[in-house]
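To start, the structure itself, in structure tokens.
The values are calculated or read from the model by the stated rules, or taken from the named source; none is laboratory data. Fair warning: this is a prediction, and the values are worked out from it, not measured in the lab. Neighbour counts run over all protein chains shown; Cβ positions are idealised from the backbone, glycine included.
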Amino acid sequence: MADVHSKETRNYNMTQIRGKDTKIEILIRKYLFSRGLRYRKNDNRYPGKPDMVFPKYKTIVFANSCFWHGHEGCSGFVMPRTNIEYWQPKIEGNKRRDAEHIAELQANGWRVITVWECECGDRLRKVVRDERLAKLYDEIVAVISVMRSYRHPRKTPVQLNST
């Protein structure tokens, strides 16, 4: 099947695809910032240059596009039928590299959360998107509440027998 765009149009379209500050990243960052979380963005000190790093929570968030990262079972990911010799190794390589980065981060003690575009994208109803963002917030801050409970265990009052 031939490309429906001219070479110039296709080239222009491809140059408009961003590597950072995508719509999904901005949406997630705005939500988490509004909930009081502070983070570093696109920090190149970590493998994979994570989209958001939460040092206080020892958590890293990747906001992945379903197409570029090959989200299996998602309607947002369909392997292109043209130029398959290029696209298949490209997307498989992205998936392999993502897995390597996640493994390295986890080996260094980081919790890694991947948010897919289909979970928070424009195509979803606001209610569903807000539920996913709230779940993400809870996943991030859950660690700190567990850590606090270990540091400061609640003391239960000792009951004395009055016999």
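Applying the selection to the range 64-118, what residues are among the charged types (D, E, K, R), buried (at least 17 other Cβ atoms within 10 Å of the Cβ) and touching a residue at least 60 places away in the same chain (Cβ under 8 Å)? Scanning the range 64-118 gives a single hit, Glu117.
Leu37 passes every criterion in (1) out of contact with any helix residue (DSSP H, G or I) (no Cβ under 6 Å at 6 or more places or on another chain); (2) surrounded by fewer than 17 Cβ atoms within 10 Å (Cβ to Cβ) apart from (2).
One residue alone among Val61, Val53 is under 12 Å from the mean Cα position of the chain (by Cα) and closer than 22 Å to Val128 by Cα, and that residue is Val61.
For Lys20, the conditions (1) charged (D, E, K, R); (2) in contact with a helix residue (DSSP H, G or I) (Cβ under 8 Å, 6 or more places away or on another chain); (3) at pLDDT below 90 are fulfilled apart from (2).
Of the conditions (1) of a type in the set (D, E, K, R); (2) modelled with pLDDT under 90; (3) surrounded by 10 or more Cβ atoms within 10 Å (Cβ to Cβ), Glu8 satisfies every one except a single condition; which number is it? Glu8 satisfies every listed condition except (3).
Under 9 Å between Cβ atoms, at least 6 apart or on separate chains: pull out the pairs that start in the range 21-42 with a residue that is under 14 Å from Val53 (Cα atoms) and touching a residue at least 40 places away in the same chain (Cβ under 8 Å) and end on any residue that is in a helix (DSSP H, G or I) and of a type in the set (Lys, Arg). Going by the 9 Å Cβ cut-off, the qualifying pairs are Leu37/Lys56.
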